[in-house]
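The block underneath contains the structure these notes are about, expressed in structure tokens.
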Amino acid sequence: MIPSADSFLNQDFVIEEQTSQTYRMDLDQLNIRGMTDGQEAMKQLIYKILNTERYQYIIYSWNFGVEFIDLFGEPISFVLPEIKRRIIEALTFDSRIESVDNFEFEIGKGTVHTIFTAHTIFGDVQIETGVNI
């Protein structure tokens, strides 16, 4: 017997918030040990998003990561506002990150060093990252 569509559509669904508990990455020792939660988990998530090129890895959704690869060789007047826009777009996709602001750029030879603040539900996180241009 095939279940009727009416019985399925009349069910109540409970949408649960995504937990921030995850495995702790120790980038200095290059290992994963223990668990982390809260603000430390958010720092780790932001690190992963900013170091994952969007559309390059089938393990991740197309909504995960940031698009920096096509900025290589572009004029700096185009690159700076694009870096800001793309970081905001990539990070605010996660509902636990409320906003991103306070961008500062330091232009070096072949790289743009970026410092910004991510406002999360666990508090503000100061982030530094580099983008090859």
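Here are the numbers:
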| item | result |
| --- | --- |
| Top-ranked residue of segment 1-41 - restricted to ones that are among the small types (G, A, S) and modelled with pLDDT of 65 or more, ranked as surrounded by the fewest Cβ atoms within 10 Å (Cβ to Cβ) | G34 |
| Segment 103-115 residues that are free of Cβ contacts under 8 Å to residues at least 24 places away in the same chain, paired with ones that are of a type in the set (D, E) and in a strand (DSSP E or B) (beta carbon under 6 Å, 6 or more apart) | H113/E106; I115/E104; I115/E128 |
| All positions within segment 109-121 that are of a type in the set (G, A, S) and either within 12 Å of the chain's Cα centre (by Cα) or farther than 19 Å from N51 by Cα (or both) | A118 |
| Check on D94, under 12 Å from the mean Cα position of the chain (by Cα) and either loosely packed, with under 11 Cβ neighbours inside 10 Å or not basic (K, R) (or both) | yes |
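The values are calculated or read from the model by the stated rules, or taken from the named source; none is laboratory data. In this text the structure is predicted, and so the values were computed from the model without any measurement. So basically every Cβ, Gly included, is an ideal-geometry build from the backbone, and we count neighbours across all protein chains shown.
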